[in-house]
Amino acid sequence: MKILAIETSCDETAIAILDIKETKTETKVSVLGNALISQIKIHEQYGGVYPALAKREHSKNLVPILKTALKESGLLKNEKTKTFSTKDTNKLKTLLSHEPELFELICEELPNIKTPKIDLIVVTNGPGLEPALWVGINFAKALNFLWGIPVIPANHMEGHLLASLLKGVKNGNFTLKKPLFPMLSLLISGGHTELVLAKKWGVYKLIGQTRDDAVGEAFDKVARMLSLPYPGGPEISRLAEKYREKHLGEKSLYPLPRPMLHSKDFDFSFAGLKTAVLYTLKKISLNPASAGSGEHPSKPDVLAKITANIKESIACEFEDSATEVLLSKSERAVKKYKIKTFSLGGGVSANKHIRRSFEKSFADNFPETKLFIPSQTLTTDNAIMIGLAGYFKSDKKVARTSLSRIRAMGNLSF
Ligand code: KG4
Ligand code: ZN
């Protein structure tokens, strides 16, 4: 089955074209085309994603990346110069009444493209930023109108979950074997921190989630406090790794709490941890010598050096704290539900320290449980995962959802 997948839930505009085949033992996924434009540079100045800007950028990016993905797949065939009829133009104008820029680009570029041989279009309908989600959804609807290809919605978080089960074979080829159940997935991203239990394929139960900030959000906010660029996750990780190399096994100069570590449930909380970092920084700036231990000379040049060291130390302690809570709750859930497969997914699962800590714990404590951690490129937002989520829904009720009922659902949950 050839799938065209569209992802616009946050700050990445992504389109992938997949060829998915089923064998007796596994699902084979070939990525024929994969195009992505990250808006990181645009949102950097705001320290986070600015929804109206994200919407505008998706509107600008979708048509060019569609062409790139089609070209990569060998599916871009040009039609003799053609223009849309007035009736078609009017219909498109109505469909894209909130995305005038996208409407213009479609009218300029798509009349000259032949309907590609694609069986299904999959588009993210949530969770995410609604204005951003709508751009992808309306684009999918416009393609359905022009090409007659059916459209189904996909849950972004289910995409992260399924992507974590993909095994790379060679360039752009993956396989997915149905895992052993029960399966538990820890999904950690900029908007979510969730423990999802699946007792069988495609049936999910949310057993724990954050009560306030998502762990990625905490990484980004702490990075901002430390004057590090957006997105903060990779920056915190870089500083923390540096510090760990120099001070392995040492007690932290600036200890931080482990929120909800001992609570009996599987929920998380990261807002308090973020605030604890803020208080620590305030304390240090008021009186450098009073916070943590060790001498803090006050000569500006020396202080500058120590500031870098303080930053690394706090980044490391923050990362340790977040990892400890994520791991401890996951371990407890693995024991309680006698988990046979565990997977880690979402942007924060790119984090080296988190990956290492889970690998070590599962090797030491749960050698019988199969651990899946996605390759770095599949951790952050992409359209491959969306195509996959749509594929496994394509024979279900969702495939018969009428087009007009596909809507952006910012808080879509499992
Ligand atoms: O899944 P994702 O790409 O987008 C959402 O659906 O939110 O996740 C983005 C999040 C950001 O908060 C980013 O800071 C975080 O993932 N992230 C990391 C790392 N790489 C990305 N957090 C910690 N360490 C990393 N190496
Ligand atoms: Zn995501």
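The values are calculated or read from the model by the stated rules, or taken from the named source; none is laboratory data. From a predicted model like this one, the values you see are computed outputs, not experimental measurements. All Cβ positions, even for glycine, are placed from backbone atoms using ideal geometry, and neighbour counts span all protein chains on display.
Kindly establish whether Asn125 is among the polar types (S, T, N, Q) and within 16 Å of ligand 2 (Cβ to nearest atom). Before the answer, list the steps.
Numbers: among the polar types (S, T, N, Q): yes; within 16 Å of ligand 2 (Cβ to nearest atom): yes.
Spelling it out, Asn125 is indeed among the polar types (S, T, N, Q) and within 16 Å of ligand 2 (Cβ to nearest atom).
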Just to be sure I understand, how many residues within region 55-81 are surrounded by 12 or more Cβ atoms within 10 Å (Cβ to Cβ), among the basic types (Lys, Arg) and more than 26 Å from His43 (Cβ to Cβ)?
2
Determine if region 371-382 includes at least one residue that is surrounded by fewer than 18 Cβ atoms within 10 Å (Cβ to Cβ) and within 15 Å of ligand 2 (Cβ to nearest atom).
yes
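Scanning for something within 30 Å of Lys221 (Cα to Cα) and touching a helix residue (DSSP H, G or I) at 6+ places or on another chain (Cβ under 7 Å), does region 94-103 turn up at least one residue? Reasoning before the result, please.
First, the residues of region 94-103 that are within 30 Å of Lys221 (Cα to Cα): none.
Looking through region 94-103, none of the residues is within 30 Å of Lys221 (Cα to Cα) and touching a helix residue (DSSP H, G or I) at 6+ places or on another chain (Cβ under 7 Å).
Being aliphatic (A, V, I, L, M), within 16 Å of ligand 1 (Cβ to nearest atom) and crowded, with 24+ Cβ neighbours inside 10 Å is the filter here, so list the residues in region 122-134 that pass it.
The first filter runs over region 122-134 and keeps only residues aliphatic (A, V, I, L, M), leaving 122-123, 129, 132-133.
The next check asks that each one be within 16 Å of ligand 1 (Cβ to nearest atom); those that pass are 123, 129, 132-133.
If the condition is that a residue be aliphatic (A, V, I, L, M), within 16 Å of ligand 1 (Cβ to nearest atom) and crowded, with 24+ Cβ neighbours inside 10 Å, then Val123, Ala132, Leu133 are the ones that fit.
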Counted residues in region 303-346 being within 20 Å of the chain's Cα centre (by Cα) and modelled with pLDDT under 95 come to 0
Scanning region 150-176 for residues that are over 18 Å from Trp201 (Cα atoms) and in a strand (DSSP E or B), which turns out nearest to ligand 2 (Cβ to nearest atom)?
Pro153
Determine whether Ile386 is under 30 Å from Gln39 (Cβ atoms) and more than 21 Å from the chain's Cα centre (by Cα).
no
If Thr23 meets every condition in (1) surrounded by 15 or more Cβ atoms within 10 Å (Cβ to Cβ); (2) within 25 Å of Gly168 (Cα to Cα); (3) more than 26 Å from the chain's Cα centre (by Cα) apart from one, which number is that one?
(1)
Go through (1) within 16 Å of ligand 1 (Cβ to nearest atom); (2) part of a helix (DSSP H, G or I) one by one and return the number of the condition Lys360 breaks.
(1)
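The rows are residues; the columns are (1) over 26 Å from Glu194 (Cβ atoms); (2) loosely packed, with under 13 Cβ neighbours inside 10 Å; (3) away from ligand 1 (no atom under 16 Å from the Cβ); (4) in the same structural domain as Asn351 (by TED's automatic domain parsing).
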site	(1), (2), (3), (4)
Ser252	yes, no, yes, yes
Met260	no, no, yes, yes
Ala271	no, no, no, yes
Ala276	no, no, yes, yes
Lys283	yes, no, yes, yes
Just wondering, is there one or more residues in region 52-64 that are in contact with a Cys (Cβ under 8 Å, 6 or more places away or on another chain), farther than 26 Å from Ile20 by Cα and in the same structural domain as Ala14 (by TED's automatic domain parsing)?
yes
